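The values are calculated or read from the model by the stated rules, or taken from the named source; none is laboratory data. The structure presented is a predicted model; accordingly, all values stated were derived computationally and were not measured. Positions of Cβ are backbone-derived with ideal geometry, glycine not excepted, and every protein chain shown enters the neighbour counts. Surface accessibility is based on the protein's heavy atoms, side chains included, excluding ligands, DNA and RNA. Shrake-Rupley method; radii C 1.70, N 1.55, O 1.52, S 1.80 Å.
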Amino acid sequence: MNINPTYKNIQDYAESIRITFDPQQVDYAALVSMFFAFHTPTDPRFAGTQYRSAIFVQNEEQRSIAQKALVEWGALGRYVTIEDASDFYRAEEYHQKYMDKF
């Protein structure tokens, strides 16, 4: 694996966002529900590693909440993997605030 991957050498990384939250303001289950409300999971046969639909968890409590959500969301949940969170690499600057550039 490359350290600090770029868009050209992303290999087996996933494009993702990192969310920092205050559990006193919003709980993890609500964030997982928002994931499904705003994201359409993609069949991994057509998405590849880079664009896979995944929830990256920090601990077993988050894993349990995410697994429950996969069941609750039924058909949408079958295309989502639950993976341990690992190093997060910020995308190159030209990818930052991408939608604002249109």
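Brief remarks on what is shown
- Search result, residues across the stretch 69-83 that are acidic (Asp, Glu) and either under 14 Å from Arg52 (Cα atoms) or open to solvent by less than 60 Å² (accessible area, probe 1.4 Å) (or both): Glu83
- Given (1) farther than 13 Å from Ala14 by Cβ; (2) at pLDDT below 85; (3) surrounded by 10 or more Cβ atoms within 10 Å (Cβ to Cβ), number of the condition Ala47 does not satisfy: (1)
- Taken over the stretch 92-102, the criterion of being open to solvent by less than 60 Å² (accessible area, probe 1.4 Å) and either outside any loop (DSSP other than H, G, I, E, B) or touching a residue at least 24 places away in the same chain (Cβ under 8 Å) (or both) is satisfied by Glu92, His95.
- As for the stretch 31-40, it holds at least one residue that is within 23 Å of Tyr89 (Cβ to Cβ) and at pLDDT below 85.
- Note on the stretch 55-75: residues that are touching a residue at least 24 places away in the same chain (Cβ under 8 Å) and in contact with a strand residue (DSSP E or B) (Cβ under 9 Å, 6 or more places away or on another chain) total 9.
- Tyr89 vs. criteria more than 16 Å from Tyr28 (Cβ to Cβ) and either among the polar types (S, T, N, Q) or not in a helix (DSSP H, G or I) (or both): yes
- In the stretch 17-30, the residues that are at pLDDT 90 or above and surrounded by fewer than 10 Cβ atoms within 10 Å (Cβ to Cβ): Asp22, Pro23, Gln24, Gln25
- Qualifying residue in the stretch 56-67 (condition: modelled with pLDDT under 95, over 19 Å from Thr20 (Cβ atoms) and surrounded by 16 or more Cβ atoms within 10 Å (Cβ to Cβ)): no
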